[in-house]
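Below: one structure, written as structure tokens.
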Amino acid sequence: MKRRFFFSIMAVSLLSLMLCLGAGYFVILNHLDKIHSDELADRASLIASQIEYENQGGVDDSPVKLLERLDAKNLRVTLVDSDGKVLFDNREDPKTMKNHRDREEIKEARELGYGESTRYSSTMTEKYVYAAKRLENDRILRVSSSYETVLGLMDGMKLPFLGCFLIIALLSLYMAYALTRYILKPLNNLNLDDPRSVEDVLGKGGYDELSPLFRKIDSQKRDIAKKNHQLVRRQEEFNSITASMIDGMIILDRQNRLLSVNPAALRALGIDERSAGDLVGRNIIEVTRNEKILDGLIPEFSEEMHDTETISDSMTKAKTIKESTGSGDINSGNKCSGFRDFNKRNQIRHSKKIVTLGQRTYQIDISPIFAEASPSTMEESTKEWRGTVLFLFDITEKAEGELMRREFTANVSHELKTPLQSIYGSAELLNTGLVREEDKKQFVERIYNESRRMIQLVQDIIDLSKLDEDSGIIRNERVDLYEVARISAQSLENKASAGGIKISVINEKMNRDEAIISSDPTLVHEIVYNLVDNAVKYNKDGGTVSVVIEPTEEGRISLTVTDTGIGIEQKYMERIFERFFRVDKSHSREIGGTGLGLSIVKHAVHAIGADINVFSEVGVGTAMKVIFPTQCKTK
């Protein structure tokens, strides 16, 4: 605005100056022309008076001789007879000149005694000013001067004119600057936050006409502030809601730029939550390069289409592009482009994808956002695509559970199929009578052992299912750890003796009556029995198994089962509690077992609120330490 004021004032000043100088130029030119004419008239009268004085002597040729003696370098002097014949001319030979009877100044001088005119001379090829004077003998004396004489005077005034122009231009520049500051000073000092000060300043500055405008601005300002406050409050409410969501949410505009992203989404993408503000406005491709996410986004319409295009128009263009290029993807190699998905309106729907981000698995729902088209592009039942919203649902546990269920089903089927085949084969041979009498006992024992193995497997599965579902009722009773360890060792004595393995229960650091906890006796027995059973199975021939009960520094009681078996490699440590997982599968087939023992231990330990730690060295042995709480947790 300041520049506009300045240049406007400056332009008016310069234009006025140019008009004034132009007018002055023509006024002066006209004035000089008049002076020039008057001067010619005076000279003509003066020469005429001299000629008439000479003619008093009665000599007819004396005017010609007088004119010949006349020194008039800047004047053209001509003497014309009464019949128009040229008697004398100081510039040309009179004999070659035409008759001047019809010349305007000659005719006027003959009639009035004096005549003048201005015209272009064909003989001198210049513009001349003529002044003619009638003499007493009716001859005409004409004096003329070139018009260039006047223009020469004006040309001499060029530098003064230019100097005046520059001085006045500089003064105009200064005045324009001063006036601009003076006019805009009240406006620059306005405080729109205080309407009353606006009125005061405008009144003092003589801007009463602008008062209604600023009152309207102030009214609109209050309305905008009110609406802005409402928007901020709604934004804060929206941010509070999305921040408390356990699922991630990302909102994109038409150009796939982030409008909003909640903390859950940032955690899923592995981005620091403090940088959320820096991400707003950036393209989604700058935030994640996950191909499954980018492939599922609605392509950007803005680069190929006008912002006000409707979905139906977009589909038509997409179809045209596809037909012309022979491909559904207008940007080959750009996985963010996807006009192939927009051939039909029915395909403009949300999509679901399973994506792995870091160590977690997410189901991402990608949904386009539609709104009624703007009035300028409104058509019947037409909606306009405005952006995209992405929801990230953490399904890690669900995915792991599903994977575990499939693995569990496959393992159970395999574990049941093996003994069933053995039972079926033995029973078939017995049924056909092909087995010798002395061999029947061996086949019967095989059927018995495999049946017992199946029963144990089914029981372990039932126990594990109860622990998984927390369907078992946890009892809180007095449990003697030493007695439970002794009974477990005794029940496994025969199995241990077959391999020359010794089982010992040690309670040296505390009295026997102090090894008492309050817990579920069934679960405690499952823990101790399976640990001792596992130590026997994976021990070496002639090895040892020791069960040590002792107090901990925290006032709890620990039970450690240590063997001298094959040990566990470090890379298998995190998997030993998985169902049906075996470190040495060939050894496991030899010793039998269901592969669920340690998994039952893990779930039982969790159920009663205990902790378990494993220490192992390959070829040396394994120690599994369970720290029991003094009081069992209740459901």
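Round to the nearest 0.05 the FRET efficiency obtained for Phe370 and Gln255 when R0 = 22 Å and r is the Cβ-Cβ distance.
Efficiency, rounded to the nearest 0.05: 0.85.
Skipping prolines and chain starts, which residues have an amide H placed within reach, meaning under 5 Å, of the one on Phe88, given they are 5 or more residues away or on another chain?
Hits under the 5 Å cutoff: Leu79.
Using heavy-atom solvent-accessible surface (probe 1.4 Å) with all chains present, what is the largest-first order of His350, His525?
Highest to lowest solvent-accessible surface, that is His350, His525.
HN-Hα J couplings of the range 129-141 from phi, Karplus 6.51/-1.76/1.60, θ = phi - 60°, integer Hz, Gly and Pro as x?
After applying 6.51 cos²θ - 1.76 cosθ + 1.60, I find 10, 10, 10, 10, 10, 7, 8, 5, 8, 6, 6, 10, 9 Hz.
Starting with the highest mean, order 616-624, 530-538, 285-293 by the number of other Cβ atoms within 10 Å, averaged over the residues of each peptide.
Averaged packing, sorted descending, gives the order 530-538, 616-624, 285-293.
Each residue of the range 383-394 in order: what ³J(HN,Hα) in whole Hz does its phi give by Karplus 6.51 cos²θ - 1.76 cosθ + 1.60, θ = phi - 60°, with x for Gly and Pro?
Working through the residues one at a time gives 10, 10, 6, 10, x, 9, 10, 10, 10, 10, 9, 6 Hz.
Over 20 Å between Cα atoms, which of Lys85/Lys127; Lys398/Lys625; Lys540/Lys571; Lys495/Lys540 qualify?
In this structure, Lys85/Lys127; Lys398/Lys625; Lys540/Lys571 lie more than 20 Å apart at Cα.
5 Å is the cut-off here: which amide hydrogens, built 1.01 Å from N in the peptide plane, fall below it relative to Ser616, excluding neighbours closer than 5 in sequence?
The answer is Ala623.
From the backbone phi of the range 598-606, what are the Karplus-calculated ³J(HN,Hα) couplings (6.51 cos²θ - 1.76 cosθ + 1.60, θ = phi - 60°) in whole Hz, Gly and Pro given as x?
5, 5, 5, 4, 4, 5, 5, 4, 5
Please list the non-local residues whose amide H lies under 5 Å from the amide H of Arg119, H modeled 1.01 Å from N, same-chain partners needing a gap of 5 or more.
Counting only residues 5 or more places away or on other chains, the set is Tyr128, Tyr130.
The values are calculated or read from the model by the stated rules, or taken from the named source; none is laboratory data. Model, not experiment: these values are computed from the prediction. No Cβ is skipped: glycine too gets one built from the backbone with ideal geometry, and neighbour counts run over all protein chains shown. Side chains are part of the model used for accessible areas, which takes the heavy atoms of the whole protein and leaves out ligands, DNA and RNA. Shrake-Rupley method; radii C 1.70, N 1.55, O 1.52, S 1.80 Å.
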